[in-house]
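**Q** The following block contains the structure, expressed as C-alpha cells.
Values in this text are rule-based calculations from the coordinates and carry no lab data. Because the structure is predicted, anything quoted here is derived from the model rather than measured. All Cβ positions, even for glycine, are placed from backbone atoms using ideal geometry, and neighbour counts span all protein chains on display.
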Amino acid sequence: MYLDIIITLIKIAIVFGFVLNVAAILSWAERKQSAVMQDRIGANRADVLGFRIFGLFHPIADTIKMLTKEDWVPPAGDAFVHTMAPFLALFTALVVFAVIPFGDTLHIAGRDIPLQIADLNVGILFIVAFGGLGFYSVVLAGWSSENKYSLLGSLRAAAQLISYELALGLSIVGIVMVYGSIELDDIARAQGQYILGFIPYWGIIAQPLGFLLFFTAAVAETKRVPFDLPESESEIIGYFTEYSGMKFGAFWMGEFIEVVAVAGVVTALYFGGWQIPFVNNQGIFFPGLFTIPLPHVLIVLLQVAAFGLKVLFFCWFMLLVRWTLPRFRYDQLMAFGWKFMVPLALLNILVTGLFMYVF
Amino acid sequence: MEKTATLARELHTREMTLHMGPSHPAMHGTIRIFLELDGETVVSADVEIGYLHRAFEKTCENRTYHQAIIYTDRLNYVSPLINNFGYAMAVEKLFGVDVPERCKYIRVIMSEICRITDHLTNVGATAMELGAITAFLYMIKARETLWKLIEEAAGGRGVTPSYVRIGGVKDDLPVGFTDMALNAFKVVREVLQEVHGLLTKNRIFVDRTKGVGVITSEEALSYGITGPFLRSTGVDYDVRKAKPYMVYDKINFDIPVGTNGDNYDRYLVRMEEIQQSMRICEQALSNMPPGPVKVDDPRITFPCKKDVYTKMESLINHFKLFMDGHGIMPPKGEVYQAVEGANGELGFYVVSDGSGRPYRLRCRGPCFMIMSGLSRMIKGGMVADIVPTFGSVNMIGGECDR
C-alpha cells in the first residue's frame, strides 16, 4: 500500500520534472528557434561565472526576475479572481499529464508498474475537459483585471474555445472508433499493431485527417500564433495586460506547459505513444523474419525515451508554426472552426465508420 | 429575426468606449483613436493626431535656410533623404539654379534607396502587426544593408543622414559604391523572394488584408491622398512621372497600381515599388556621368575648407554664408516644390522675403491626408483590423504632425 503511494509519487515527480523542465527550456528554445529562423543570434547574455552555454541560463534569469518583481493587482479589479487565474492556468495545463502514458508496463521485483500516473478509464474526456477548463483562466484573468483590453482578450478566448472545442472532440472520436477505447493506455498499446504486417498502426496512419484536425484544434488550445487572438500583442496587448511579476510568469509558463501537454496528447493519440516501430516487449523484431531479444528494463527505457523525443519533436514543430504564420481575425477563426473544421471532423467520423463497417 | 430583435430589446447593451493609444504598441505613442465598440465591431472612430507636433514650420522660419536641412531629416525619418532633397530643391528653385547632372543622379539613387528602406519597414511592420514577426525581421535585415549604403555616402545612418546641401550634396559617392549597392540589392531581392513566399499567397495573410481598410479612388482623391495609398486604388499618380524632377524623365520605370484600394493591394504596390526603385537605382548607377556634385555659385555653395584657410575670397565667402544676417539669401519670391516621398507627394512651399531665413515654410506631409481618411476606413470593421490598416498608412509622426 505504502509502496504504491511511493511509486505513484515517484512517477509524479518524474512527469513533473520532465514537463516543467521542458517548459522552461521551451522558453529558451522559442527565443533561439525564432532567432535561427530570423537570422539573429538570440538569447545569449545571461552568464554564470562567465559560462553562457548558449543562453541556457536565461530561463533561470527570467524566473528570478519575475519572482522579484512587484506583484500588482489592479485596484478596481477583483483581487481574489485576479490571483486565482494564473494558478488555474498552470493547474489545468499540468494536470493533463496525469493520464498520458509514457511507457509500457514495467515489471520489477514481481510488481507491475504502469508508466502512467492515473490510468483513468475516461482518459480522453479528462484531457478534453481540462483543456476546456484552461480557458477559464483566461476569461477570469480578463474579467478580473478591470481593463477593457483584457476584457476583449478574454472574450476572444471564449469565442475561440467554443469554435475549437467541438472540432477537437469530434476529431478524437475517429481515434476512439479505430482503437475501441477511450483509455489512453489502451490506445497507446493498440498502436503497437501492424497493418499488412509491417506498417505501424499509428493514429496518424489510421486517422490522417483526424490528426490534422486534432493538431490544428490543439494548437488553437495553446493560444499561440496563428491562434493567439486572446493575446494579440499588437492589437489588444492581451488578457494579461494587468499582470506583473510571477503571476504573469505563471501565464507564460502555462502557455509553454500547454505546448508540452498538447505535444504529449498528440504523441499518445496519433504518434504511437511510447511505441517504437519494430520493437515489442521481447526486443527488436521484424514481423515474420527475426527477433533480437533485449532486456525488459532497457526496452521500457527506450520506449520512455522515444515518448520524450516525440514530445520534443512536436514542441519544436509548434515553435516552427508559431514563427511562420500571421494571426487569424476572430470572426475568421470562428468561421474556420465552425464552417470548416467541424464539418470535416464529422466527415472524418463518417468515413471512419464506413471503413470499419466494410472491412 | 423577430426573436433576435426582441432579445436585443430585452438585453440592454451599450457601446464600449476604448481609447487606443497613445500608449499602445501599434500607435507609435503619437496617435490616439477614440473607439466606440459594439463587441469587436468599430461603431465609430475618432482619430486624434498631434502628439509629435514639434512646430517644424515655425522652427524653420526662425533658422537659416541651411540650418533647416537637419529638421527635414526628422520629417519622415524612415526615408529622410527624400525630405532633404525636396527641401533643397525648393530653395534651389527660389534661386533659379540648376544643380549639376551628377548631383541629380546621386539624388535619384539616394532617394530610391530611401524609398526602399521605407517600404521595407512598412511592409514588414504590417506583417508584424498581423503576427508574422519573422517577415518583419527579414525586412529589417535587408534594410540594414541599405542603411550601410547611406552611412557610406552620408556618414549618418538611416534616420538622420543630412546628406543634402543647398545646391548639391555633401560629397560625391564613395569609391566602390556601385558594387556595394548592387550587392545590397541582391540581398533585398532575396528577402523579397522570401517574404513573397511567406505572405503573398498565405491564406491567413490574404484573408486578413484583402477587403480590409478599403478606400475608393474618388474618396482617396477627395482627401488629397497620394503615393502608394492612392495608387493602390488604381490611380497612377506619381510625382516622379507626373512632374518629373531630377532625372526621373531619363529613367525607365513603371508605376505599379492596384485595383481595390485595400490593405492587400497596398502591400502588393509597395512590394512592387521596391523592385522598381531598385531598377531605377541600377539604371542611374550605370548612367551616372562624372563631374561636380555641387553647383558652382558663391551665393549658395560653401567654399571648400582648404580654400577657406588659404584664400581671402573663400574666407569672406564662407563668412558671408554663415554669419547671422547674411547667409544663403534667395531672391524674393515663393515656390512650391513637390517630390514623390515614400508616402506620397511631399511638398515644400517656401516664401522668401530676401532675408537669410524663410518668411514662410510650409510642408505638405502626405501622411496627414491619409490620416484624415483613416477613421472612415476603420469604421464598421473589427478591432483587429485597425492596427494593420493603420500600419498600411505608414503614418510617421514626424511627418504627419510636423
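**Q** Springs between alpha-carbon pairs under 10 angstrom, Gaussian network model over chain B: which of B:Met382, B:Met271, B:Met246 fluctuates most?
**A** Of B:Met382, B:Met271, B:Met246, the Gaussian network model singles out B:Met382 as fluctuating most.
**Q** Then there's this: Can you sort A:Ser144, B:Ser23, B:Ser44, B:Ser111 from fewest to most other Cβ atoms within 10 Å of each residue's own Cβ? Write out the running numbers ahead of the final one.
**A** Values: A:Ser144 24, B:Ser23 9, B:Ser44 15, B:Ser111 29.
Lowest to highest Cβ neighbour count: B:Ser23, B:Ser44, A:Ser144, B:Ser111.
**Q** Farthest toward the dipole's positive end in the protein assembly as shown, which of B:Phe348, B:Gly327, A:Ile204, given Cβ charges of +1 (Lys, Arg) and -1 (Asp, Glu) about the Cα centre?
**A** Checked the options; the winner is B:Gly327.
**Q** Before anything else, pin down the relative contact order of the range A:139-262: Cα pairs under 8 Å, at least 6 apart, normalised by residue count, whole percent. Before the final figure, lay out each step's value.
**A** Numbers: 127 pairs, mean separation 41.1, N = 124.
RCO, the range A:139-262: 33 percent.
**Q** Taking Cα atoms, how many degrees apart are the long axis of helix B:133-154 and the longest axis of chain B, rounded to 10 and kept between 0 and 90?
**A** 10
**Q** Also, I was wondering about something else. Mind sorting B:Ile133, A:Ile53, B:Ile166 by how few other Cβ atoms lie within 10 Å of their own Cβ, fewest first?
**A** Lowest count first: A:Ile53, B:Ile133, B:Ile166.
**Q** Report the residue, chosen from B:Ser375, B:Ser392, B:Ser355, that carries the largest GNM mean-square fluctuation when chain B is represented by alpha-carbon nodes joined by springs under 10 Å.
**A** B:Ser355
**Q** Then there's this: Identify all aspartates and glutamates with a Cα-Cα distance to B:Lys104 below 17 Å; exclude those on the same chain that are fewer than 8 residues away in sequence.
**A** Filter leaves B:Glu92, B:Glu112, B:Asp171, B:Asp172, B:Asp249, B:Glu282, B:Asp296, B:Asp297, B:Glu340.
**Q** Right, next: Identify all lysines with a Cα-Cα distance to B:Lys186 below 18 Å; exclude those on the same chain that are fewer than 8 residues away in sequence.
**A** Candidates past the 8-residue exclusion: B:Lys141, B:Lys148.
**Q** Quick one: net charge around B:Val214, please, counting Lys, Arg +1 and Asp, Glu -1 for every other residue with C-beta under 13 Å from its C-beta. Could the numbers behind the result be given before it?
**A** Details: positive: B:Lys210, B:Arg266, B:Arg376, B:Lys379; negative: B:Glu218, B:Glu219, B:Asp262, B:Asp265, B:Asp385.
That works out to -1.
**Q** First check a/c for the protein assembly as shown, with a ≥ b ≥ c the square roots of the eigenvalues of its C-alpha gyration tensor; if it is under 1.5, answer rounded, and if not, answer prolate when a/b is larger than b/c or oblate otherwise.
**A** Numbers: a/c = 2.47, a/b = 2.11, b/c = 1.17.
Taking the square roots of the gyration eigenvalues as a ≥ b ≥ c, the protein assembly as shown is prolate.
**Q** If each DSSP helix of 4+ residues adds -39,500 (n - 2.57) and the sum is divided by the residues in chain A, what number results at 222 nm, nearest 500 deg cm²/dmol? Spell out each step's value before the answer.
**A** Numbers: 12 runs with 219 residues, N = 359.
Result for chain A, helices only: -20500 deg cm²/dmol.
**Q** Going by how many other beta carbons lie within 10 Å of each one, how would you line up A:Thr267, B:Thr64, fewest first?
**A** Details: A:Thr267 27, B:Thr64 21.
Fewest-to-most ranking of A:Thr267, B:Thr64: B:Thr64, A:Thr267.
**Q** Relative to the longest principal axis of chain B, what angle (0 to 90°, nearest 10) does the C-alpha long axis of helix B:177-195 take?
**A** It is inclined by approximately 0 degrees.
**Q** Once a ≥ b ≥ c are taken as the square roots of the eigenvalues of the Cα gyration tensor of the range A:33-128, is the result rounded (a/c under 1.5), prolate (a/b larger than b/c) or oblate (a/b not larger than b/c)? Write down the numbers at each step before the final one.
**A** Values: a/c = 2.41, a/b = 1.31, b/c = 1.84.
The shape class here is oblate.
**Q** Based on alpha-carbon centroids, what's the gap between the range B:328-402 and the range B:29-59 in Å, whole number please?
**A** 16
**Q** Continuing with the same structure: Relative to the longest principal Cα axis of chain B, at what angle does helix B:312-322 sit, 0 to 90 degrees, rounded to 10?
**A** 30
**Q** Just how far, in whole angstrom, is the range A:1-32 from the range B:179-206 if you go by their alpha carbon centroids?
**A** 43
**Q** Does the range A:102-180 come out rounded, prolate or oblate, given a ≥ b ≥ c as the square roots of the eigenvalues of its C-alpha gyration tensor, rounded meaning a/c under 1.5 and, failing that, prolate meaning a/b above b/c? Let's see the in-between values first.
**A** Working: a/c = 5.27, a/b = 2.05, b/c = 2.57.
It comes out oblate by the Cα gyration axes.
**Q** Magnitude of the Cβ-charge dipole of the protein assembly as shown, K/R +1 and D/E -1, about the Cα centre, nearest 20 debye?
**A** Numbers: 67 positive and 74 negative charges, 329 e Å.
My answer is approximately 1580 debye.
**Q** Let me ask another. Are any of the pairs A:Lys65/B:Lys201; A:Lys32/A:Lys223; A:Lys69/B:Lys379 more than 30 Å apart by Cα-Cα distance, and if so, which?
**A** Numbers: A:Lys65/B:Lys201 41 Å; A:Lys32/A:Lys223 20 Å; A:Lys69/B:Lys379 40 Å.
Too far apart for the 30 Å limit: A:Lys65/B:Lys201; A:Lys69/B:Lys379.
**Q** Could you please state, rounded to a whole Å, how far the C-alpha centre of the range B:275-307 is from the C-alpha centre of the range A:40-68?
**A** Answer, in whole Å: 50.
**Q** What residue among B:Gly156, B:Gly168, B:Gly391 shows peak mean-square fluctuation when chain B is described by a Gaussian network model with Cα springs under 10 Å?
**A** B:Gly156
**Q** Lys/Arg Cβ at +1, Asp/Glu Cβ at -1, dipole of the protein assembly as shown taken about the Cα centre: which of B:Gly258, A:Gln275, B:Gln337 is farthest positive-ward?
**A** About the Cα centre, the residue reaching furthest to the positive side is B:Gln337.
**Q** Can you tell me, using C-alpha contacts under 8 Å and at least 6 residues apart, the relative contact order of chain A as a whole percent? Before the final figure, lay out each step's value.
**A** Numbers: 548 pairs, mean separation 81.5, N = 359.
Answer for chain A is 23 percent.
**Q** Once the other residues with Cβ under 14 Å from the Cβ of A:Gly249 are scored (Lys, Arg +1; Asp, Glu -1), what is the net sum? Let's see the in-between values first.
**A** Working: positive: A:Lys65, A:Lys69, A:Lys247; negative: A:Asp62, A:Glu70, A:Asp71, A:Glu255.
That sum, taken over residues with Cβ under 14 Å, equals -1.
**Q** Can you check what the net charge comes to around B:Pro303, using other residues whose Cβ is under 13 Å from the Cβ of B:Pro303 (Lys, Arg +1; Asp, Glu -1)?
**A** Values: positive: B:Arg165, B:Lys294, B:Arg299, B:Lys305, B:Lys306, B:Lys311, B:Lys320; negative: B:Asp296, B:Asp297, B:Asp307, B:Glu313.
Overall, the nearby charge balance is +3.
**Q** Using Cα-Cα distances under 8 Å and only pairs 6 or more residues apart, what relative contact order does chain B have, in percent? Mind showing how you got there, number by number?
**A** Values: 767 pairs, mean separation 101.5, N = 402.
Value for chain B: 25 percent.
**Q** Can you compute the charge dipole magnitude of chain B about its Cα centre, using +1 on each Lys and Arg Cβ and -1 on each Asp and Glu Cβ, nothing else charged? Give it in debye, rounded to the nearest 20. Mind dumping the intermediate values first?
**A** Values: 47 positive and 49 negative charges, 165 e Å.
So the dipole magnitude of chain B works out to roughly 800 debye.
**Q** What Cys residues in the protein assembly as shown are without a partner cysteine, judged by a Cβ distance under 4.7 Å?
**A** Here A:Cys315, B:Cys60, B:Cys103, B:Cys114, B:Cys281, B:Cys304, B:Cys363 come out as lacking a disulfide-compatible partner, given the Cβ-Cβ threshold of under 4.7 Å.
**Q** Now for a different question. Pop out the ³J(HN,Hα) list for the range B:289-301 in order, Karplus 6.51 cos²θ - 1.76 cosθ + 1.60 with θ = phi - 60°, rounded to Hz; leave Gly and Pro as x.
**A** Karplus values, whole Hz, x for Gly and Pro: x, x, x, x, 10, 10, 6, 8, 9, x, 6, 10, 7.
**Q** Would you list the membrane-span-like helices of chain A, meaning whole DSSP H runs whose alpha-carbon atoms span at least 27 Å along their axis and whose mean Kyte-Doolittle value is at least 0.5?
**A** Values: long enough: A:2-37 (50 Å, 1.36); A:123-144 (32 Å, 1.78); A:148-179 (46 Å, 1.19); A:245-270 (37 Å, 1.28); A:296-322 (39 Å, 2.03).
Sorted by number, the helices that extend far enough and score high enough are A:2-37, A:123-144, A:148-179, A:245-270, A:296-322.
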